[in-house]
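Worksheet: one structure, shown below.
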Amino acid sequence: MRVSALTRFLGLSMALGLILAACGTQGGGSPGASSGGVESQAPEPNELAILEWSGYEAEDFWTDFAQAHPDTEVTFEFGDTDANILALMQGGSQADVFHFYTGWQQFYVDAGLVREIDTSKLSNWDAVPDAYKELGQIDGKQYFLPWDWGFTSILYNTEHVPEVTSWDVLMDPAYEGHVSMWNDGPAAVAVSSYINGWDETNLTDEQLAEIEADWIAQKPLNAFYWSGEYTDLCPAVQDGTVWVAYAWQGCYATALAAGDPVAYATPEEGRNSWFGLYGISADTDSYELALEFLDMKLAETTCANAVSLFYYGCANGDVMAAIDDPVLIEAFAINDPSILESTNFTPLVTEEQRTAWTAMWERVQAE
Amino acid sequence: MTARPVTRRIGVGRTAVPLRGFYLGMLFLLYLPIGILFVFSFNAGTTLRFPIEALTLDWYAEVIGNGPMLAAARNSLLVGAGSATAATIIGLLVSTAVLRFRFRGRGALLALAGLPLIVPFVVMGVAFFLLFVAVDLPRSLLSVAIGHTIIATPYATLIQLARLSGLDPALEDAAMDLGATYPATLRRVVLPLMGPTVVAAWLTSFIVSFDEIAVAIFLVGGDPTFPVFLYGQVRFAQRLPVLIAMAVLLMIGTVALTLVALRLRTKE
Amino acid sequence: MLGRRGTLPFLAGPPALWLALFFVVPLLLIAAFSLRAGSGAVGPAGAWVPSIEHYQQVFGTPAFLRLLGLSVATAVGIATLATLLAYPVAYYLTFRAGTRATLYLTLLLIPFAVSYLLRVMAWKLMLGPDGGINSLLQGLGLTSEPLGLLLYSRPAVIVTLVYVWVPFAALPIYAAMQRIDRSHLEAAADLGAGPWARFWRVTVPLSLPGALATFFMVFIPTVGEYVTPALVGGTDGIMYGNIILGFFTRSANWPLGSAMAMIMLVLTLLLVVVALRIVDLRRVSL
């Protein structure tokens, strides 16, 4: 009796194990593709894996694609910094499409991780202004599709903090325990460079050492280092824990729309501006589907959702021209072109800089 | 207390140290945070302030409609079942080989099965991560399951080793004298006697895997296990109550499994 | 017909192969990656130039070494506290609980079956500015402002991890105390030893292996902890494990992260070897 019960029990669990193994291979795409084996002419699988930043998995941000391809299974894998996204791609991520931000374009091309975009197949490509298109080009080839954009500046609580005019408010001991910096080395280097008036792409070792010392001194001021704009930063700004934060305009617009006492600085050193880019993995089995995904990203509803729900700018120029919500006009500084003139756009970094800056940041963490 | 004469108490004088109070106090402190979680899962608001304003079952209802969360729970069940099965088999094979045979490398095999216990999880996570990078195996539920098999192996081995060492090898000799082959003896004599222990080892391994996060964080691809999912969502204050409702449901399951495993192990 | 001896390869072979492939090889890979020149997320296809630059960098960075020391100290503190708190509980279960010992032990172990992450979250709820402790204090009129420093600090990490480990910590001590021959205690009593003398001179020495086993069983997982510090530690409660993770995720530099992991592995193994010299852990297996 006991034997048969046990055998059944083990049999059942083995069956579960087999199902698991099957799921593992299924989710991983065809084994031949990643190992560089012979490419078969089999039809593309009806699945798409996206390497994303958390928050973007909400269907609002790919709704046009979801409607056009209701049967396609879209899955998401997450990263939380550009270094992390790059590492996941280099580590053999199975993502067909990946999302990262300006400054990191060259690495993907150099490492052969990205496949050129056939823009002739994108129906919404003409809505993208030329200046944006250029951000996605390396050596004249369109490797990346520009999508979301915005500012980085200081988001602050107007009840506790008088008008902010400089990035150095992040270093102000008066707000000890109420500051929050993004948990990212390159971001810290950029802020310090603005404060000191240095060129971030051309820092000396001494300057980098000074930057490190500044952030070590700044450490006790933080309530915490944030890692997700909508996961940990924004709730803490809205509940009054954080008064001064390195922030993108999305959280600003969210708090503003909720009636919280917040303002978004235009520092004398200038704000920072960034652009989000999508690339198609060189290893993808679903190139056509991925192209379709990118095209639908630029479609009107999806782009408008990014603007109205996430408070991010979108690369579709028609959508941006149609904005009439006062909160958004404020968030994107649409009525004040002078802000854009003083804005620092994120430059391309080298591998050496990336390594030095991320290691610097880990030392700050460890201190 | 019964009417039976009290046997002489041994240890510290009864009145000197309030040991019972200490035990009960500890129990209270251990259950208090869990109790708070429990209350929180019925609390109508998304922050926990005392006194509680209103109670609700909404969070539990929302669990049912939360696809990604249910998928994560299913993933954990699959990984747990797969890795527990593999670890239990490994543990059973290692125990039998080590206790019933003398061979070169016997000590090494036993040490190998026990060593994962003394490697910090963050190091194991790095190790598996590099392995899957090196063999170009995409990170997936399969990679998590392989990692969890190694982590569960010491538990599965130690539990079965303890039981098998209590079984008289003479039983096996008798079976073989009666003409059974050794594999048949193992299957028809040893395994039935080991039955409850095998189940206990499986359940323990399953729970180890089901709750594991530090290694899983390094190994999940697009499909998170439940702890990894929870870890990613735990910072959304508004989502906390639903997560906790789900976690409370799973907690009831794991506590039940643990009680079964404990019972099976103490019955011997 | 398969003889007894012929069965052995089938018994020992698969586990040995599995453990070699998925346990030994991965650990060797850490060593290999840590001794490799270059930085970033370097795949196996890249160049393999031997170099000790990453070890030089770790040992040349006081912040990393200090954090390693601090993590070891934190883990020692947590393991000590958990052991000290669990000891009287095990004592109670062994010598006082009588026939109910099994029930009481089970009651103690149930919290350990609750998801680890859930127990950490419970403490987050307890310690937060809107949390249980603060609202309780305010509700009782003891404080008017929330105490902000409860969460996001090293003490929060210590409290949470001690909480997580205490139920488990009682087990090895309980197992060791179970094996104490009561006649030793009776003999001591007959020789005129008072309760305290019996406790210190008989019970403590005989249960010490269990206490030391507990200490190491808490210390090893704790020294590499990174999940709890990330959740409740804030900016200055983090541990060495968080930096290792950082070099594999946020700041992607695998060779450097491998070197840091290797250092932690060697350190842990050394400490275990020392422990085995002090106490034979096999005598207190569960």
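The values are calculated or read from the model by the stated rules, or taken from the named source; none is laboratory data. Everything numeric in this text was worked out from a predicted model, so none of it was measured. For neighbour counting, all protein chains shown are included, and Cβ atoms are generated from backbone atoms with ideal geometry for every residue, glycine included. We work out accessible area using only protein heavy atoms, side chains counted, and drop any ligands, DNA or RNA first. Shrake-Rupley method; radii C 1.70, N 1.55, O 1.52, S 1.80 Å.
Dipole size of the stretch A:144-250 about its Cα centre, with +1 on Lys/Arg Cβ and -1 on Asp/Glu Cβ: approximately 240 debye, rounded to the nearest 20.
Annotation: the antiparallel percentage among DSSP beta bridges lying fully within the protein assembly as shown is about 65.
Collect residues whose amide H, placed 1.01 Å from N in the peptide plane, falls under 5 Å from the amide H of A:VAL114; neighbours closer than 5 in sequence don't count. Distant-sequence amide H within range of A:VAL114: A:ALA282.
A simple spin-label model places the labels of C:LEU269 and C:GLN138 5.2 nm from each other, with each point 7 Å out along Cα-to-Cβ. The residues packed around C:LEU245, meaning those with a beta-carbon under 12 Å from its beta-carbon, carry a net charge of -2 if Lys and Arg are +1 and Asp and Glu are -1. If I take every Cα pair under 8 Å that is 6 or more residues apart in the stretch C:51-284, average their sequence separation and divide by the length, what percent do I get for the relative contact order? Relative contact order here is 28 percent. With contacts taken as Cα pairs under 8 Å at a separation of at least 6 residues, chain A carries a relative contact order of 26 percent.
Between A:ASP172 and A:ASN196, the simple label model (points 7 Å from Cα in the Cβ direction) yields a spacing of 2.2 nm. If R0 is 45 Å, the Cβ-Cβ spacing of A:GLU341 and A:ALA58 corresponds to a FRET efficiency of close to 0.85.
At an R0 of 30 angstrom, the distance between the Cβ atoms of B:MET176 and B:VAL135 translates into a FRET efficiency of 0.10.
Under the criterion of Cα pairs below 8 Å and six or more residues apart, the relative contact order for the stretch B:71-267 equals 34 percent.
Computed 3J(HN,Hα) for the stretch A:89-94, one whole-Hz value per residue from the Karplus formula 6.51 cos²θ - 1.76 cosθ + 1.60 where θ = phi - 60°, is 5, 5, x, x, 3, 8, glycine and proline marked x.
Where the alpha-carbon atoms of the protein assembly as shown are placed on the principal axes, they occupy 93, 74, 55 Å, in descending order. Running a GNM on chain A with Cα contacts under 10 Å, which residue among A:GLU351, A:GLU330, A:GLU229 ends up with the highest mean-square fluctuation? Comparing A:GLU351, A:GLU330, A:GLU229 in a Gaussian network model of chain A, the most mobile one is A:GLU351. Using a 1.4 angstrom probe on protein heavy atoms only, the contact between B and C buries about 8300 square angstrom of accessible area, both sides summed. A helix-only calculation puts chain B at -22500 deg cm²/dmol for mean residue ellipticity at 222 nm, using -39500 (n - 2.57) for each DSSP H run of at least four residues, averaged over all residues. Net charge in the neighbourhood of A:ASN305 (other residues with Cβ under 12 Å of its Cβ; Lys, Arg +1, Asp, Glu -1) is -4.
For the stretch A:212-228, 3J(HN,Hα) computed residue by residue from phi via the Karplus equation (6.51, -1.76, 1.60; θ = phi - 60°) reads 4, 4, 4, 6, 5, 5, 6, 3, x, 6, 6, 5, 6, 8, 8, 10, x Hz, glycine and proline entered as x. Two tests apply to each whole DSSP H helix in chain B, Cα reach of 24 Å or more along its axis and mean Kyte-Doolittle hydropathy of at least 0.5, and the ones passing both are B:19-40, B:67-100, B:141-164, B:191-210, B:240-267. Each label point was placed 7 Å from the Cα along the Cα-to-Cβ direction; for C:LEU276 and B:ARG20 their separation is 4.4 nm.
For A:PHE345, nonlocal amide neighbours, meaning residues 5 or more places apart or on other chains whose placed amide H falls under 5 Å from its own, are A:SER273. When both bridge partners sit in chain A, DSSP labels roughly 65% of those beta bridges antiparallel.
Near the amide H of A:TRP226, within less than 5 Å, lie the amide hydrogens of A:MET181, A:TRP182, A:ASN183, all on another chain or at least 5 residues away, with H placed in the peptide plane. Only helices enter the 222 nm calculation for chain A: every DSSP H run of n ≥ 4 contributes -39,500 (n - 2.57), and dividing by all residues gives -11500 deg cm²/dmol, rounded to 500.
Taken one residue at a time, the phi angles of the stretch C:229-235 give Karplus couplings (6.51, -1.76, 1.60, θ = phi - 60°) of x, 5, 8, 10, x, x, 7 Hz. Gly and Pro are set to x. What does the helix-only formula give at 222 nm for chain C: each DSSP H stretch with n ≥ 4 adding -39500 (n - 2.57), the total divided by the residues, and the result rounded to the nearest 500 deg cm²/dmol? The helix contribution divided over chain C gives -22500 deg cm²/dmol. A Gaussian network model of chain C, with springs between Cα atoms under 10 Å, assigns the largest mean-square fluctuation among C:THR249, C:THR74, C:THR160 to C:THR249. A:LYS141: which aspartates and glutamates have alpha carbons under 15 Å from its alpha carbon, excluding same-chain residues fewer than 8 sequence positions away? Qualifying aspartates and glutamates at Cα under 15 Å: A:ASP110, A:GLU116, A:ASP118, A:ASP130. Comparing C:GLY77, C:GLY13, C:GLY233 in a Gaussian network model of chain C, where Cα atoms under 10 Å apart are tied by springs, the biggest mean-square fluctuation is seen for C:GLY13.
Counted by Cβ distance under 14 Å from C:THR61, the other residues give a net charge of -2, where Lys and Arg count +1 and Asp and Glu count -1.
Calculated accessible area for chain A comes out at 40 Å² per residue, all protein chains present (probe 1.4 Å; ligands, DNA, RNA ignored).
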